[in-house]
1. Which semi-axis lengths, in whole Å and largest first, follow from the square roots of five times the eigenvalues of the Cα gyration tensor of segment 173-295?
2. Suppose the chain between ASP98 and SER278 were pulled fully straight at 0.36 nm per residue; how much longer would it get relative to their current alpha carbon spacing?
3. Can you list the GluC sites (Glu not before Pro) in segment 185-254 that are in a DSSP coil and have 16 or fewer other beta carbons within 10 angstrom?
4. First check a/c for segment 82-221, with a ≥ b ≥ c the square roots of the eigenvalues of its C-alpha gyration tensor; if it is under 1.5, answer rounded, and if not, answer prolate when a/b is larger than b/c or oblate otherwise.
5. Given the DSSP H assignment, sum -39500 (n - 2.57) over each helix run of at least 4 residues in the chain and divide by its residue total; what's the result at 222 nm in deg cm²/dmol, nearest 500?
6. Where does segment 215-276 land on the Kirkwood hydrodynamic radius, alpha-carbon pairs, in angstrom?
7. Once the piece of chain linking GLU268 and ILE124 is laid out straight, how much longer is it, given 0.36 nm per residue of separation minus the C-alpha distance between them?
8. Once you charge only the Cβ atoms, +1 for Lys and Arg and -1 for Asp and Glu, what is the size of the charge dipole of the chain about its Cα centre, to the nearest 20 debye?
Amino acid sequence: MAQPLQTPAKVRRLSAALGAEITGLNLAQADSKLVDQVKGLLLEHQVLFFPDQKLSQAEHVALGHHFGDLEDHPNLGKDDDAPPSIFRLTASQGGIADEWHTDITFQTQPAKMSILNMIQCPSIGGDTMWSNLYLAYEQLSSPLQMLCRQLTALHDAHPHNHPEQTAVHPVVRVHPETGHPVLYVNEHFTRRIVELSAPESEMLLRYLTQFVTQPRFTVRYQWQPGTLCMWDNRCTQHFVLNDFVGERIIERVTVMGDEVDAFEPSLEQPYARPGPLSAASRHDRQLFFHFNPRD
């Protein structure tokens, strides 16, 4: 049977910073032409919302495969009744991501993008916010941009009870498709600036992770069941507002395999505490063992 023709997409921008709502496309019948159109919109707007899609799990997985290899979450549990690539988050079981984060940055190759299907949500509350990490970098002063381009950061899975899972990424990465610089630290997974002492790192990380959450960098979306959302994990962070009563259920597929490259290569070495070991050495223990792993 021939596929019905797609009507032209209607694009409604949701904020000056990022985000667009798209209507007029049927993602359950996605072909290569439609996927190319969506990829272009995603690069332009960073996060896209498609109301009234109501995809089945099979259609959801099929759509995800158009964008790359899929993987479920490496640490969090999943619904045994769902296909292997679908990761379900249920609010009543702790599935509320109420810290700003970029997904899975504790891995060397984090997520490229995610596709979220809103299954059930409260009528009020439980909105999600995204932040534009291009814009956050652009709004730093020139001296601070220069400093950040010379630094790397240690990320870990401590929020998932796996602090031993670590990766080091540049503080300023380059987006592999747009070529633009991205401020790439987040409050949930980023633990330490590698080249700075622990007190210096704490001050700078606190500033940067709070800086990216300013309202002028963000979009906020109020959900309806059946809405499908895609976001570019390489240049955004997101945050769920924990302000609701009732159940909130999402299903997500994650496109993996991101290659995180620095916008400028760092010429600095990891921080090494001078002098003998002391009580203060504990602040550098995780950094030391990342670069000197135990058997």
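Computed from the coordinates by the stated procedures, all read-outs in this text should not be read as laboratory data. No experiment lies behind these values; they were computed from the predicted model shown. Cβ atoms come from the backbone with ideal geometry, glycine included; neighbour counts cover every protein chain shown.
1. After scaling each eigenvalue by five and taking roots: 34, 19, 16 Å.
2. Length gained, ASP98 through SER278: 61.2 nm.
3. Answer by residue number: GLU247.
4. Taking the square roots of the gyration eigenvalues as a ≥ b ≥ c, segment 82-221 is prolate.
5. -5500 deg cm²/dmol
6. Across segment 215-276, the inverse of the average 1/r is 16.9 Å.
7. 47.0 nm
8. That gives the chain a dipole magnitude of about 520 debye.
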